[in-house]
Amino acid sequence: MNLVKSIAENIENVNERINRAAKMVGRHPDQVSLIVVTKGHPLEIVQAAIEAGATDLGENYVEEALPKIAEFPGGGDLAWHMIGHIQSRKAKPVSGNFSWVQTVDSLKLARRLDRFAGEFARRIPILLECNVSGEETKAGWTAWNELEWHTLAQEISPLLEMENLIPHGLMTMAPFFDQPEKARPYFLRLRQLRDYLAGVFPQHDWKQLSMGMSGDFEIAVQEGATMVRIGTAILGERPKKEG
Ligand SMILES: *Cc1c(COP(=O)(O)O)cnc(C)c1O
């Protein structure tokens, strides 16, 4: 089947599932945006996804993303979201190229992103990546223990004052489960943390909750996700890397 058409059908199907999940809990489906995760896929697939109507694209690796962004620059209706861990030496190309940075996970990284954003005369919308599961392999601000949220709030407070980074909320990855329902407590915890931070720092915007992937996005939407990051369910399995 035609690639664009099959991707468009998958997008429609995912959007229907988002709508149903939102309605189940009395949310408006317009409150949820779909980020199509193109990591691991070649330019032709990115092109097809854009033709199929994708407007927000997610990438994990700076080197892989740059040629794609060069081919399809953001701006207008298209936005590129950085959703992978960022080494601080990659802060410059991230600041220069992405529309959103969802994975700000330390002050050191934030300072560098802020500095380079200033050099590029950009103001970048960001999310703070939080680890609400306690899994050691996961990046993000330590946030699984509510008793430590007070400390977390103090830690992030300098970040909120940075000139060129504009915080809009939180991002997380739930642990992987065969049964998506099991991810619910982690999504709930991210929302509660958001509500807590919004109480401590009411002068900032905390609206966005980026959570939910192909395997668990309906649960995430039920728990308040405003951005879901979907790769496989729209573009199919990622091709295996060579070597
Ligand atoms: C790869 C990735 C996704 C998309 O995962 P799928 O299971 O393919 O939908 C979402 N978020 C992050 C942070 C990812 O690394």
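The values are calculated or read from the model by the stated rules, or taken from the named source; none is laboratory data. None of the values given here were measured: they were computed from a predicted structure. As a convention, Cβ positions derive from the backbone with ideal geometry for all residues, glycine included, and neighbour counts pool all protein chains shown. Heavy atoms of the whole protein, side chains included, go into the accessibility calculation; ligands, DNA and RNA do not. Shrake-Rupley method; radii C 1.70, N 1.55, O 1.52, S 1.80 Å.
If you add up the charges near Val14, with Lys and Arg at +1 and Asp and Glu at -1, over every other residue whose beta carbon is less than 14 angstrom from its beta carbon, what do you get?
-3
Find the accessible area per residue for segment 134-243; the probe is 1.4 Å, ligands and nucleic acids are left out, and the unit is Å².
For segment 134-243, the solvent-accessible area averages 51 Å² per residue.
Could you give each residue of segment 115-128 its phi-based ³J(HN,Hα) in whole Hz, using Karplus coefficients 6.51, -1.76, 1.60 with θ = phi - 60°, and x for Gly or Pro?
4, 5, 4, x, 5, 8, 6, 10, 10, 10, x, 10, 10, 9
Take every DSSP beta bridge whose two residues both sit in the chain, then give the antiparallel share in percent to the nearest 5.
The answer is about 5 percent antiparallel.
Using the Cα centre of segment 72-168 as the reference point, and only Cβ charges (+1 on K/R, -1 on D/E), how large is the resulting charge dipole? Debye, rounded to the nearest 20.
540 debye
Residue separation times 0.36 nm, minus the C-alpha to C-alpha distance between Gln154 and Ala70: what's the value?
My answer for the length gained is 26.4 nm.
Cβ under 11 Å from Lys138's Cβ, Lys138 left aside: what net charge do those residues give with Lys, Arg +1 and Asp, Glu -1?
Local net charge: -4.
Percent of accessible area on segment 78-206 owned by carbon and sulfur, 1.4 Å probe?
The computed percentage sits at 50.
Amide H to amide H, which residues 5 or more places from Val37 or on other chains are under 5 Å from it, using H placed in the peptide plane?
Gly58, Ile230, Gly231
Treating cross-link reach as a plain straight distance, find the lysines whose alpha-carbon is under 23 Å from the alpha-carbon of Lys68, omitting any fewer than eight places away in the same chain.
Here the lysines satisfying the reach criterion relative to Lys68 are Lys5, Lys39, Lys90, Lys92, Lys240, Lys241.
GNM, the chain, Cα, under 10 Å: largest mean-square fluctuation among Ser157, Ser95, Ser210?
Comparing Ser157, Ser95, Ser210 in the GNM, the peak value goes to Ser157.
Cα to Cα, under 25 Å, and not fewer than 8 places away if on the same chain: which lysines meet these conditions relative to Lys182?
The reachable lysines, counting only those whose Cα sits under 25 Å from Lys182, are Lys23, Lys138, Lys207.
Which of the peptides 158-169, 70-81 is most tightly packed, and how do the rest follow, going by the mean number of other Cβ atoms within 10 Å of each residue?
Output ranking for 158-169, 70-81: 158-169, 70-81.
Would you please report the Å³ per residue occupied by the convex hull of the alpha carbon atoms in the chain?
Per residue, the Cα convex hull of the chain comes to 136 Å³.
Using θ = phi - 60° and the Karplus relation 6.51 cos²θ - 1.76 cosθ + 1.60, list the HN-Hα couplings for segment 169-176 in order, rounded to whole Hz, with x at every Gly or Pro.
Calculated HN-Hα couplings, in order: x, 10, 9, 8, 10, 6, x, 7 Hz.
Explain nothing, just the number: dipole magnitude of the chain about its Cα centre with +1 on each Lys and Arg Cβ and -1 on each Asp and Glu Cβ, in debye rounded to the nearest 20.
Charge dipole of the chain: 260 debye, to the nearest 20.
At Asn15 and Arg111, where each label point lies 7 Å from the Cα along Cα→Cβ, what is the point-to-point distance in nanometres?
According to this spin-label approximation, the distance is 4.4 nm.
Please work out the average accessible area per residue across segment 24-129, using the 1.4 Å probe convention, and give it in Å².
For segment 24-129, the per-residue accessible area is 44 Å².
Please name which of Leu197, Phe217, Ile234 has its Cα lying farthest along the dipole of segment 192-243 towards the positive end, using unit charges on Cβ (Lys, Arg +1; Asp, Glu -1) and the Cα centre as origin.
Checked the options; the winner is Ile234.
Based on the Cβ-Cβ distance of Ser88 and Ala121, what FRET efficiency does E = 1/(1 + (r/R0)^6) give at R0 = 22 Å, to the nearest 0.05?
It comes out at approximately 0.55.
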